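The values are calculated or read from the model by the stated rules, or taken from the named source; none is laboratory data. The shown structure was predicted, so the numbers you read here are calculated from the model rather than taken from an experiment. Quick reminder, even Gly has a Cβ in these numbers, built from the backbone with ideal geometry, and neighbours come from all protein chains shown.
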Amino acid sequence: MEITWFGHSCFRLAERGLASAVTDPYDASLGYPTLRLKAEIVTVSHDAPGHSHIEAVKGERRALTGPGEYEIGGVFITGIATSKPDGDANKKKKGGAANRVNTIFVFDFDGLTVCHFGDLDHVPEQAQIEALGSVDVALVPVGGGGGLTAAQASEVISLIEPSLVVPMHYRTEAGSRDLEPVSKFLKEMGLGAMKPEPGLKVTRSSLPDETRVVMLETKTA
């Protein structure tokens, strides 16, 4: 299968003969070029402009916006809910911290599993970790700002032990959000600077025996 990153938390997952998927499409407020994508599946981790601009994906697509089990075009998808604080604005309005749902989506492309953690901002409970099952490729937020910090991301990775890790949701030259640079995450993982790759092609036979981090370039849609 082929994995392409368009910045922030937006990826396109494609495997020949199966439905393609786009995760967390964003709107123009993030500073990235306007998305113009096609896919049969669109997943939204939570309702926010940087993650839920479904209109950016054209075609006869089915949008998944919450937990559940789905089968679309030969791809099996499991959505697992996690809760996260709704921010200072909510505290001021209601006098306390409420929670809103973030959905982790696990895609099974004919036995190859890809987990998109959305805007997860804490280390999941053991039951949630177990619900993920075996993860081949983990798409993990690493830059804070509503998602996991570098240290939290490293801990989550140690718990799920994926074969490949692709960091997302961190500071880039194009993005306008105030996030931490990916260098902090790489340091947490015991790695130095890495050269981003234009895309990631994965097969069952190409998966490494030990967890490996892969940096991706942001592609213009």
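Here are some notes:
- Residue that is nearest to residue 21 (Cα to Cα) [pool: residues in the range 54-66 that are assigned to a loop (DSSP other than H, G, I, E, B) and within 15 Å of the chain's Cα centre (by Cα)]: 65
- Output for the range 146-159, where each listed residue is of a type outside the set (Val, Ile, Thr) and crowded, with 18+ Cβ neighbours inside 10 Å: 146, 147, 148, 150, 152, 153, 154
- Across the range 100-144, the number of residues qualifying as charged (D, E, K, R) and under 14 Å from residue 13 (Cβ atoms) comes to 3.
- Checked against (1) in contact (Cβ under 8 Å) with a residue 60 or more places away in the chain; (2) part of a loop (DSSP other than H, G, I, E, B); (3) surrounded by fewer than 23 Cβ atoms within 10 Å (Cβ to Cβ), residue 29 passes all but condition (2).
- Residue match in the range 64-74 (condition: within 20 Å of residue 204 (Cα to Cα), modelled with pLDDT of 95 or more and buried (at least 20 other Cβ atoms within 10 Å of the Cβ)): no
- Filter result for residue 134 (without any contact (Cβ under 8 Å) to a residue 40 or more places away in the chain and either within 15 Å of the chain's Cα centre (by Cα) or not in a helix (DSSP H, G or I) (or both)): yes
- Residues that are in contact with a helix residue (DSSP H, G or I) (Cβ under 7 Å, 6 or more places away or on another chain), assigned to a loop (DSSP other than H, G, I, E, B) and closer than 18 Å to residue 3 by Cβ, drawn from the range 163-214: 170, 194, 211
- Applying the criterion of being charged (D, E, K, R) and in a loop (DSSP other than H, G, I, E, B) to the residues of the range 117-131, the residue that is surrounded by the most Cβ atoms within 10 Å (Cβ to Cβ) is 119.
- With respect to being closer than 15 Å to residue 115 by Cα and aliphatic (A, V, I, L, M), residue 153 fits the description.
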